[in-house]
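What follows is a set of notes on a single structure, which appears directly below.
The values are calculated or read from the model by the stated rules, or taken from the named source; none is laboratory data. Everything numeric in this text was worked out from a predicted model, so none of it was measured. Heavy atoms of the whole protein, side chains included, go into the accessibility calculation; ligands, DNA and RNA do not. Shrake-Rupley method; radii C 1.70, N 1.55, O 1.52, S 1.80 Å.
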Amino acid sequence: MAVSLLAREISDLCLGKPALRSLSLTTPIAEALFALKNSDDNFLSVWSCEHTAKTNKDYRGNCEEDGCDVGECKCVGKVSMVDVICYLCKDENLLSPSDALKAPVSVLLPEIPGMVVHVEPTSSLLDAIDLILQGAKNLVVPIKTRYSSSSRRKQHQKLSITSPTIHNGREFCWLTQEDIIRFFLGSIGLFAPLPALSIDTLGIISTDYLTIDYHSPAISELEAISGSLADENPVAVIDSDGILIGELSPFTLACCDESVAAAITTLSSGDLMAYIDCGGPPEDLVNLVMSRLKGRGLEAMLQEFTNSSCYSTTSSCHSQSSSSSSDEESGSSTPVSALQRPGKYSRSMSYSARMVRRAEAIVCHPKSSLVAVMIQAIAHRLNYVWVTEDDCSLVGIVRFCDVLRVFRESIEDMA
């Protein structure tokens, strides 16, 4: 049993995964914003590539197999709508959001080493778990796909802002905590009786989490929101009695658009929850945001905010998003400045986006079993579940990294 798990390679978990869509380090944030709105992914990879043509006369390789470029090509991070939102909320960017969007995406990347790590497809499953436990959020794995020179030329002819990164004839994919948890769920019977034990018994309920008060100004908690993005953790919104009211999470904010920066700047944490919830922002909150932006002299931010549309109903958004997938290729060559900036909910709405775009917290009980919590998190496309008592008082949080640590120790005990 342990031998079969130890023999697993990372490539086994990457079968069927789509190739990463990539951005260059020098891509303007405005173009990255457009790419995010027209992508089914909440994150886009950022690459540093320095390719040079093979002009060495002594080179005897086969370009169709080895690729016709040499040089280092490395994924250095990832960006999401939350990065853009937090960036626009900074004091120096509130007065001129349009100028801020001209900066390269490199300014959005956190200065935290080891969050994105390249691994070989032959690396073991345990190696992947160890990297995640050491702080890696995403593992970049080559997809074993070869391109002929003719197919490569066709690929370059239809390059968009987010073209797949091809290096030496290979594309790449993400390997995440969720992928590994899904794998363990498929082999859950091998770990009996571990899956039936409660999360309290296993000691994986963490009390290390960020909280903000329901009535506090959201902008005053920007540091907490930005920190949650780097750690891929949610921020609990609680009342004065410690009761969990909801959450502000990177997964929720990633499904909004840049106009949420105006809401963070002007609303309380509680009102911000109502603004970003899946039903769409109430009209009175939209008017309140516009009024407060005008009162603070933030005319440029107000203009950006009013340019966003689709505030009324979720259905109007769905009618727009239904065509965004098919229009992605044809629209990719159009300059960003020539397009009307889509408003909230006008992004291409994938299943995962629809599932997580809500401020309601997903909770379990301390006596919930490990497997129940795993299924609950996977069902909502999250990498955590809040833990509360019967009176809704917040006990802690269970994260996938803590679950992976339990499975890692179990595999060691089996060996």
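Amide H of S216 versus every other amide H placed in the peptide plane: which residues, excluding those fewer than 5 positions away on the same chain, fall under 5 Å?
Those qualifying (amide H under 5 Å, at least 5 residues apart or on another chain) are S269, G270.
Just the accessible area for S11, please: 1.4 Å probe, Å², rounded to the nearest 10?
Only protein atoms counted, so the area is about 20 Å².
Within the set K37/K90; K37/K74; K37/K294; K37/K102; K137/K367; K102/K294, which residue pairs have Cα atoms separated by over 20 Å? Spell out each step's value before the answer.
Numbers: K37/K90 22 Å; K37/K74 24 Å; K37/K294 27 Å; K37/K102 17 Å; K137/K367 28 Å; K102/K294 24 Å.
In this structure, K37/K90; K37/K74; K37/K294; K137/K367; K102/K294 exceed 20 Å between Cα atoms.
Consider all pairwise Cα distances in region 162-292 and report the whole-number % of them above 22 Å.
On the way: 4652 of 8515 pairs.
Within region 162-292, distances greater than 22 Å cover 55 percent of Cα pairs.
Could you rank R170, R399 by how accessible they are, 1.4 Å probe, largest area first? Could you put the intermediate results ahead of the total?
On the way: R170 75, R399 30 Å².
Largest accessible area first, the list is R170, R399.
Could you give the distance between the Cα centres of region 82-123 and region 208-248, to the whole Å?
If we compute the Cα centre of each part, the gap is 21 Å.
Let me know the whole percent of all Cα-Cα pairs from region 225-271 that are separated by more than 14 Å. Working shown, then result.
Values: 602 of 1081 pairs.
Of all Cα-Cα distances in region 225-271, 56 percent exceed 14 Å.
Which whole-Hz couplings ³J(HN,Hα) result when phi for each residue of region 84-94 is put into the Karplus expression 6.51 cos²θ - 1.76 cosθ + 1.60, θ = phi - 60°, listed in order with x for Gly and Pro?
5, 4, 5, 5, 5, 7, 5, 3, 6, 9, 5
Please list T266, T207 from largest to smallest accessible area, probe radius 1.4 Å, with all protein chains kept in place. Spell out each step's value before the answer.
Details: T266 15, T207 105 Å².
The ranking, largest first, comes out as T207, T266.
Kindly sort V289, V395, V107 by accessible area of their heavy atoms, largest first, with the probe set to 1.4 Å.
Details: V289 0, V395 45, V107 70 Å².
Of V289, V395, V107, the descending order of accessible area is V107, V395, V289.
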